[in-house]
Amino acid sequence: MEQDTLREWEYKCIQEEPPECTAACPIHVDARLFVKEMGRGDREAAFKVLARTMPFPGILARICDHPCELKCKRLELDESLAIGLLERSCVELTTGKVRVQLLPRREQRIAVLGGALAGLTAAWDLLKKGFGVTLFEQSSQLGGSLRELPNALLPEEIINEELAILETLKGDIRLGETLDEARFEEICREFDSVFIDREAIAGCNLPLQLDDRGDVFIDAASGATSREGVYAGGGSRDSGTWSPINETLQGRKGSLSIERFIQKANMEAGRGNDGPYQTRLFTNLNGIASTPRVQPANRSAGFSYDEAQAEAERCIQCECLECVKSCLFLERYQAYPKKYARQVFNNQKVILGAAHTKNQFVNSCSNCGLCETVCPTNFHMGDLCLQARRAMNEQKLMPASFHEFALQDMSHSNGEPFSMVHHEPGREKSAWLYFPSCQLCASSPGEVLSSYGYLRERLNGGVGIMLGCCGAPAYWGGRDDLFRESLATVRSEWQKLGSPRVITACSTCKSLFMEHLPVMEIVSLWKIIEEQGLPQEAGEAEGATVVVADPCSSRHDPETQEDVRRIVQSLGMTIEEIPLSGDKPECCGYGGLMFNANPKLARDVVTRRVATGSGHDYLAYCAMCRDHLAAGGARVSHLIELLFPTIAGGDPAARGWISWSERRTNRTRVKQALLREFGESGEDEMNSYRQVSLIVSQEVRRRIDERRILEDDIRRVIDHAERTGKRLLNSQNGQYRASLQSENVTFWVDYTPEEGRFTVHNSYCHRMKIVGVKS
């Protein structure tokens with residue numbers, strides 16, 4: 001990932017965009033953080049937030065006309081937050097003092113003409129930046145129209161105390177100055193740049209262009225006047241539009257322009273957000289209760305301590321995080337996509353040999369797309385993680401442990417034990433091709449065979465069958481080479497059959513084929529059944545209520561979702577919809593190979609999904625959803641089990657989980673049954689290790705399955721140990737321990753021989769390849 005690509009990803013995430021209140025504030029006070037501190041009762045911290053942005057906070061916090069309140073998101077629910085009163089309460093009830101850290105002193109000298117609010121702000125900002133500042137004021141004291149405000153609102157002593165900060169900052173204050181044309185010319189020659197406060201020099205005859213109100217004309221964006229190096233801001237309080245916070249903004253704009261003028265920098269670059277602007281932040285108000293604004297008991301005195309805290313607690317602390325609210329993966333790593341994009345970028349830039357701390361992170365995403373659906377700007381975390389996985393594979397930095405088991409399982413599906421392509425028996429052409437999917441064959445072999453019989457009975461022109469994997473594990477693992485190879489095989493075999501219409505029983509297969517093999521016409525099994533009618537053997541479940549578990553790969557396939565629901569209703573069932581369905585289904589923990597890279601997270605994901613149910617049985621139409629929900633403790637059946645029941649009157653929802661060893665055995669059973677039906681050999685070649693008979697308790701079977709160890713792996717280890725004698729005896733318990741390396745994996749087994757059979761006590765493995773020893 002290059003820097004420009006990173007910036008594009010970062011821009012799509014709006015979590016760090018300011019809330020409406022901050023964006024509406026002319027000087028961008030962090031009102032959200034300020035109110036948060038007030039809600040916590042920490043006025044000292046709240047004052048520090050104001051002082052970070054406000055010049056003279058003791059003054060401005062008392063008199064600010066708070067345009068932020070007009071943009072408060074609470075207005076969409078009830079009343080805006082009383083930010084103005086909270087600011088006043090903060091400075092009145094705290095002993096906080098402004099602490100300014102000066103930058104190194106610069107040699108340039110700036111003149112500020114006029115000591116009203118705009119001029120005072122310009123002087124404040126320029127002094128903080130290290131410029132030498134001389135402030136010229138015609139009257140005997142600074143403040144201008146600030147001194148005309150009611151004393152109850154802004155006491156005289158507060159003005160004097162706050163403005164004394166300018167002298168602390170080493171400002172040169174000159175009062176009682178005559179500011180006429182001659183003096184102005186002298187000042188322009190003596191100083192490097194000049195800022196004019198238009199309120200404070202009203203009536204002075206300065207040789208500058210005027211606007212239609214008689215004020216010095218300025219460029220609205222920069223405050224530049226018609227004379228180079230001279231900037232101005234502020235206006236007359238008598239105009240009827242006087243705003244303390246906008247006066248402050250104009251002084252701040254002028255100070256920034258002077259700094260750029262001195263540095264000979266671009267005057268316009270990066271100033272699009274000077275002053276109020278429209279934020280991109282989205283805040284979801286669903287579920288937030290309406291709460292009336294707190295009214296101070298003594299309006300003239302403002303909020304008491306408790307009243308201020310209560311009002312501050314009304315703040316909803318605007319933020320987006322829509323994706324994090326919906327995705328346990330994003331929540332678990334305690335950040336949000338913009339930060340994740342930076343972390344992924346930094347992870348890719350780590351030099352070879354250093355720690356890649358985000359490897360597991362980028363491999364834990366299920367790539368389900370829920371984040372994109374709920375995100376206001378369609379940020380797809382799965383796409384970002386997929387790019388990172390591809391880069392890791394290209395750099396040969398992908399740890400084998402993350403995806404190897406899934407890729408080996410895909411290889412099994414595309415290999416001799418399962419893979420096959422065949423016309424319907426007795427036909428040399430196929431108008432249709434059934435692609436049931438490797439995982440449905442692994443989970444429901446008998447039902448797959450029955451569904452194939454149904455298709456041949458109901459459809460004309462012949463229905464061929466293709467057993468294999470669509471390549472999803474390679475796609476999710478960032479192995480584009482293996483994915484392209486898998487697709488090429490599917491396409492080649494499809495063309496050999498005469499390019500028939502393809503029927504899929506798996507939403508993942510359907511979505512991948514439609515995106516990457518658009519030349520193939522794809523239709524779901526559920527569409528065929530919905531159009532052709534229920535099979536005769538379909539069970540009846542009159543009055544039963546189920547929760548339909550839409551697979552994440554059906555997110556953009558509402559047609560299939562509707563077909564499934566019509567079939568379910570035809571079976572006499574009632575459907576209870578849950579929030580995470582339709583275009584918002586949550587992954588079951590299998591997608592994106594999460595189950596392989598981060599098993600604990602995958603278990604937590606399915607546990608949370610099970611918990612969203614209402615107590616009714618789940619009904620899935622994705623094999624992995626069925627199996628993962630069952631492993632998570634849910635009562636769940638697959639739709640194909642209801643349509644083509646293998647046990648009359650049985651309860652498919654009680655079937656429970658199945659192991660990876662059983663899955664591979666089931667795939668082989670499907671192929672062998674079809675070959676026997678087609679009149680071909682249906683017997684699998686028996687390797688020596690297959691003759692090893694195992695005794696495995698349910699507890700051990702579950703444990704080795706979670707470790708992605710197959711019973712055939714254990715048979716190979718024991719067969720090798722018994723033939724070679726390479727085994728260790730534990731004299732304390734009489735168990736043997738043996739190991740065997742296969743490709744990148746070393747398997748270990750603790751076992752005991754028992755009259756021609758072998759009891760397995762434990763097994764574990766290390767998925768890594770040792771390429772050498774670092775000297």
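Taking only protein heavy atoms and a 1.4 Å probe, what accessible area per residue, in Å², does segment 311-399 have with all protein chains in place?
Accessible area per residue, segment 311-399: 42 Å².
Please provide three numbers in whole Å: the alpha-carbon extents of segment 431-588 along the principal axes, with the largest listed first.
Projected onto its principal axes, the Cα set of segment 431-588 covers 48, 36, 25 Å.
Can you list the GluC sites (Glu not before Pro) in segment 708-747 that are in a DSSP coil and have 10 or fewer other beta carbons within 10 angstrom? Working shown, then result.
Values: sites: E711, E722, E743; in loops: E743.
Hits after loop and neighbour filter: E743.
Please compute P(r) over all alpha-carbon pairs of segment 322-398, binned at 10 Å starting from zero, and give each bin as a whole-number percent.
Percent of pairs per bin, in order: 19, 54, 23, 4.
Mind giving me the FRET efficiency for N284 and L103? R0 is 35 Å, r the Cβ-Cβ distance, nearest 0.05 is fine.
Values: r = 41 Å, r/R0 = 1.18.
Given R0 = 35 Å and the Cβ-Cβ separation, E is 0.25.
Leaving out same-chain residues fewer than 8 places away, which lysines sit with a Cα under 23 Å from that of K726?
Within reach: K769.
What's the extension gain from A431 to R260 if we count 0.36 nm per residue and subtract their Cα-Cα distance? Numbers along the way, then the final one.
Values: separation 171, 0.36 × 171 = 61.56 nm, distance 7.30 nm.
Once the chain is fully extended between A431 and R260, it gains 54.3 nm.
Excluding residues fewer than 8 places away in the same chain, name every one of the lysines whose C-alpha is closer than 19 Å to that of K338.
Once the sequence-local lysines are set aside, what remains near K338 is K12, K325, K349, K358.
What do you get when you divide the Cα radius of gyration of segment 50-202 by 2.2 N^0.38 Å, with N the number of residues?
Values: Rg = 17.3 Å, N = 153, 2.2 N^0.38 = 14.9 Å.
Computed over Cα atoms of segment 50-202, the ratio equals 1.16.
How much net charge surrounds G615 when only the other residues with a Cβ under 12 Å from the Cβ of G615 are counted, with Lys and Arg +1 and Asp and Glu -1?
Values: positive: R635; negative: E576, D617.
My count for the surroundings of G615 gives -1.
Hey, got the dipole for the chain? About the Cα centre, +1 on K and R Cβ, -1 on D and E Cβ, debye to the nearest 20?
Working: 92 positive and 107 negative charges, 546 e Å.
Charge dipole, the chain, about its Cα centre: 2620 debye, nearest 20.
Arranged from highest to lowest average of other beta-carbon atoms within 10 Å per residue, in what order do the peptides 36-46, 311-321 appear?
Peptide ranking by packing, descending: 311-321, 36-46.
Can you tell me the 0 to 90 degree angle between the C-alpha axis of helix 507-516 and the longest principal axis of the chain, rounded to 10?
Helix 507-516 and the main axis of the chain meet at about 70 degrees.
Among S419, N160, T612, flag the residue with its Cα farthest along the positive direction of the charge dipole of the chain, charges on Cβ as +1 for Lys/Arg and -1 for Asp/Glu.
In the chain, that residue is S419.
What are the aspartates and glutamates whose alpha-carbon lies under 18 Å from the alpha-carbon of K496, with same-chain residues fewer than 8 places away excluded?
E424, E428, E485, E521
Take the Cβ-Cβ distance between W242 and W657 as r, set R0 to 51 Å, and report the resulting FRET efficiency rounded to the nearest 0.05. Walk me through the intermediate numbers first.
Details: r = 72 Å, r/R0 = 1.42.
For R0 = 51 Å, the calculated efficiency reads 0.10.
For the Cα atoms of the chain, what angle does the longest principal axis make with the long axis of helix 660-677, in degrees from 0 to 90, nearest 10?
Rounded to the nearest ten degrees, it is 50.
Determine the share of the chain's accessible area contributed by carbon and sulfur atoms, expressed in whole percent, with a 1.4 angstrom probe. Provide the component values of the computation, followed by the final result.
Numbers: 16290 of 34320 Å².
The value for the chain is 47 percent carbon and sulfur by accessible area.
For R52 and Q141, calculate 0.36 nm times their separation in residues minus their Cα-Cα distance, and state this gained length in nm to one decimal. List each step's numbers first, then the result.
Values: separation 89, 0.36 × 89 = 32.04 nm, distance 2.61 nm.
Extra length from R52 to Q141 when fully extended: 29.4 nm.
I'd like the per residue volume of the convex hull spanned by the Cα atoms of the chain, given in cubic angstrom. Show your work: numbers first, answer last.
Numbers: hull volume 186.0 nm³, N = 775.
Measuring per residue, one finds 240 Å³ for the Cα hull of the chain.
Just to confirm my numbers, what's the Cα centroid distance between segment 148-162 and segment 397-474 in Å?
Measuring centre to centre over Cα atoms gives 82 Å.
For A220 and R491 in one chain, what is 0.36 nm times their gap in residues minus the Cα-Cα distance, to one decimal in nm? Intermediate values should be presented prior to the final figure.
Values: separation 271, 0.36 × 271 = 97.56 nm, distance 6.31 nm.
Full extension from A220 to R491 adds 91.3 nm.
What does the accessible area per residue of segment 545-657 come to in Å², with a 1.4 Å probe and no ligands, DNA or RNA counted? Numbers along the way, then the final one.
Numbers: 3860 Å² over 113 residues.
Result: 34 Å² per residue.
Once both labels are modelled 7 Å past Cα along the beta-carbon direction, what's the R174-N160 spacing in nm?
So the label points at R174 and N160 sit 2.5 nm apart.
The values are calculated or read from the model by the stated rules, or taken from the named source; none is laboratory data. From a predicted model like this one, the values you see are computed outputs, not experimental measurements. So basically every Cβ, Gly included, is an ideal-geometry build from the backbone, and we count neighbours across all protein chains shown. Quick note on the areas: whole protein, heavy atoms, side chains included, nothing else; ligands and nucleic acids left out. Shrake-Rupley method; radii C 1.70, N 1.55, O 1.52, S 1.80 Å.
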